[in-house]
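Chemist: The following block contains the structure, expressed as structure tokens.
The values are calculated or read from the model by the stated rules, or taken from the named source; none is laboratory data. These figures come from a predicted structure and were not determined experimentally. Here the Cβ is made from the backbone with ideal geometry for all residues, glycine too, and neighbour counts use every protein chain on show.
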Amino acid sequence: MTRYLLYFLTGFAHALVILIYRGYMGINPTIYSTVALVSGIVLFSIVSWLKFYLERIGAIMALLCVLAIVPWAIDAGRKVLAYDAFLSGVLIITQGVLLFFLLATFITSMRYVLSRGPWLTGTTTPGPVAKVIFSAIPIAIIVFWLLIMGKIQ
């Protein structure tokens, strides 16, 4: 259950911050931000759901999504450090929180990818009703994203 929340929060936080940087701060999209945005969306909409049913594939996909977000995190961190304004402190704190989520997701995914023991050790998975409810959230997000995808870019 906690891996679901970790993957969901990490992906959602990164996608949200990238969209805020693009929309409100006027930062032009780069290949790094586009790849990180798609990876964040995949992480919180598909991987968080997939790990309920296929733990091994979910952990590997989460690791790939995290590795795809790292170049954007480095590029955004570099731009934030060069930014000379009052907001730079807020942006540094925001980047720090994002990096914490990214590191926690990376360590958790590596633990499950490299473990030799049973894959289902750790926190218990929710019951069937909770799985249906948690599965509806990513499906709704994917449908919503497909509906507005052309309007955002």
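Chemist: Consider Phe52 carefully, then state whether it is surrounded by 15 or more Cβ atoms within 10 Å (Cβ to Cβ) and in a loop (DSSP other than H, G, I, E, B). Full working, then the answer.
Modeler: Values: surrounded by 15 or more Cβ atoms within 10 Å (Cβ to Cβ): yes; in a loop (DSSP other than H, G, I, E, B): yes.
Against the criterion (surrounded by 15 or more Cβ atoms within 10 Å (Cβ to Cβ) and in a loop (DSSP other than H, G, I, E, B)), Phe52 qualifies.
Chemist: In the stretch 1-46, how many are in a helix (DSSP H, G or I) and either touching a strand residue (DSSP E or B) at 6+ places or on another chain (Cβ under 6 Å) or among the small types (Gly, Ala, Ser) (or both)? It would help to see each step written out before you state the result.
Modeler: Step one: of the stretch 1-46, the residues in a helix (DSSP H, G or I) are 2-23, 31-46.
Narrowing the set further to residues that are either touching a strand residue (DSSP E or B) at 6+ places or on another chain (Cβ under 6 Å) or among the small types (Gly, Ala, Ser) (or both) leaves 11, 13, 15, 23, 33, 36, 39-40, 45.
Residues meeting the conditions: 9.
Chemist: Does the stretch 63-81 include one or more residues that are surrounded by fewer than 20 Cβ atoms within 10 Å (Cβ to Cβ), modelled with pLDDT under 85 and under 28 Å from Phe144 (Cα atoms)?
Modeler: no
Chemist: Does the stretch 15-35 hold any residues that are under 16 Å from Ile142 (Cα atoms) and crowded, with 23+ Cβ neighbours inside 10 Å, and which are they?
Modeler: Ala15
Chemist: Filter the stretch 101-117 down to residues that are in a helix (DSSP H, G or I), over 12 Å from the mean Cα position of the chain (by Cα) and not small (Gly, Ala, Ser), then give me how many there are.
Modeler: 7
Chemist: Also: Taking interchain pairs and intrachain pairs at least six residues apart, which have beta carbon atoms under 6 angstrom, with the first residue in the stretch 123-144 and surrounded by fewer than 14 Cβ atoms within 10 Å (Cβ to Cβ) and the second at pLDDT 70 or above and in a helix (DSSP H, G or I)?
Modeler: Partner pairs satisfying both residue conditions: Thr123/Thr2.
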